[in-house]
Amino acid sequence: MSQRNVCVSEQAARAKACTVREVLDRVGGKWSVGVIIEASQAPVRFTELERKIEGISRRMLTLTLRNLERDGLLTRTVYPTVPPKVEYVATDMARELYESLVTLTDWAERHRAAITASREAYDSGRELVESKTSA
């Protein structure tokens, strides 16, 4: 096999791996999880999402909604009213993902105290090591 064919094969394999990574990055993103959870329960409007997702900026919410719609995880419906009413609802694919996200968030809630304690113990151990090496 020529060097050229090897490069093409490797590029194709990287492109496939990149696609999986991109999907995981998107659905596991800081803001995507909250949006998918909210939109899986009922149709939701932009301002409702903005209120329910603590810390998200309008810009980040807009980008997150566009990306989730682009990936087929949300459906955006614009109603011809004045002012226009826009609702977002999770697609079947997102509702399937919702179950996994609920399991993951339940796990995080159950273990957050233990993780916090572990971090504190680790950090205090690191502080001891650093103070000994600097002395």
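The values are calculated or read from the model by the stated rules, or taken from the named source; none is laboratory data. The model shown is predicted, which means the values in this text are computed figures rather than measured ones. Note: areas computed on protein heavy atoms with side chains; ligands, DNA, RNA excluded. Shrake-Rupley method; radii C 1.70, N 1.55, O 1.52, S 1.80 Å.
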query: Which length gain, in nm to one decimal place, applies between Ser57 and Trp107 when the Cα-Cα distance is subtracted from 0.36 nm times their residue separation?
result: 15.3 nm
query: Any idea of Asp92's accessible area? Nearest 10 Å², probe 1.4 Å.
result: 110
